[in-house]
Amino acid sequence: EPEVTQTPSHQVTQMGQEVILRCVPISNHLYFYWYRQILGQKVEFLVSFYNNEISEKSEIFDDQFSVERPDGSNFTLKIRSTKLEDSAMYFCASRTGTGDTGELFFGEGSRLTVL
Amino acid sequence: QQQVKQSPQSLIVQKGGISIINCAYENTAFDYFPWYQQFPGKGPALLIAIRPDVSEKKEGRFTISFNKSAKQFSLHIMDSQPGDSATYFCAALSGGTSYGKLTFGQGTILTVHP
């Protein structure tokens with residue numbers, strides 16, 4: 001069964017460092033998303049991406065965050081200068097977007113720990 | 001207005017019992033209500049979903065009940081099994097350009113004892 005894959009599974013970084021989280025969405029999907037889940041809290045929307053541009057972003061997704069799809073397969077989330085409060089599980093998700101039911105397929109997540 | 005409130009935070013059920021998780025929302029623009037199941041170390045996976053034009057949807061042991069006037073919906077797990085032990089999230093989504101922007105509830109940790 002096709003799946004969304006994410007790397008790394010866990011990254012530890014120092015405050016102020018740049019981090020790039022990578023995702024390979026399901027191949028025929030057209031919409032891509034990043035969500036995050038702070039430990040013990042709910043899953044929160046960060047950003048949606050379609051047709052090589054951001055379609056929507058939350059207030060969490062400030063200037064420190066960026067996304068891109070550099071090569072048609074990978075979908076990356078970059079945090080320019082990490083803060084302690086960026087520590088969370090980051091989930092990538094994708095959706096077909098063509099006559100579908102709206103189901104989002106989530107990856108297993110990348111755990112980011114900022115020290 | 002974008003919140004989805006979920007209860008209880010945790011639930012312990014005996015094997016064979018019924019698990020019930022409730023959610024409430026305020027935004028009447030929401031038009032798709034999925035439930036996600038999350039096992040430790042995994043991403044959320046779609047369990048079952050409903051649109052507001054029906055009041056109930058059943059898939060196997062899982063049923064969503066939807067009350068549009070009360071803006072509430074619930075997940076019922078019949079004949080609960082230890083393998084159902086997981087965190088369950090309700091969510092809501094409004095269509096149009098927000099398609100895919102899910103608003104999640106706080107989650108319910110379900111434990112089913114053998």
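Data overview
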read-out	value
Residue ranges of strands (runs of 3 or more DSSP E) in the range B:1-83 with at least 3 members touching a Pro at 6+ places or on another chain (Cβ under 7 Å)	B:30-38
Residue satisfying condition, being surrounded by 18 or more Cβ atoms within 10 Å (Cβ to Cβ) and more than 9 Å from chain B (Cβ to nearest Cβ), within set A:Phe91, A:Phe49	A:Phe49
Considering residues of the range A:94-115 that are modelled with pLDDT of 95 or more and away from every other protein chain (no Cβ under 12 Å) only, the residue nearest to A:Ser48 (Cα to Cα)	A:Leu112
Residue list for the range B:3-16, restricted to those being open to solvent by less than 90 Å² (accessible area, probe 1.4 Å) and on the phi < 0 side of the Ramachandran plot	B:Val4, B:Gln6, B:Ser7, B:Pro8, B:Ser10, B:Leu11, B:Val13
Answer residue from the range B:87-114, given it is among the hydrophobic types (A, V, I, L, M, F, W, C) and within 14 Å of another protein chain (Cβ to nearest Cβ) and is most open to solvent (accessible area, probe 1.4 Å) among those	B:Ile109
Top-ranked residue in the range A:6-38 [being within 11 Å of chain B (Cβ to nearest Cβ) and open to solvent by 60 Å² or more (accessible area, probe 1.4 Å); ranked as modelled with the lowest pLDDT]	A:Leu30
Of all residues in the range B:75-86 being open to solvent by 10 Å² or more (accessible area, probe 1.4 Å) and over 21 Å from A:Gln37 (Cβ atoms), the one that is nearest to the other protein chains (Cβ to nearest Cβ)	B:Gly83
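The values are calculated or read from the model by the stated rules, or taken from the named source; none is laboratory data. The structure presented is a predicted model; accordingly, all values stated were derived computationally and were not measured. For neighbour counting, all protein chains shown are included, and Cβ atoms are generated from backbone atoms with ideal geometry for every residue, glycine included. SASA here: full protein model, heavy atoms, side chains in, ligands and nucleic acids out. Shrake-Rupley method; radii C 1.70, N 1.55, O 1.52, S 1.80 Å.
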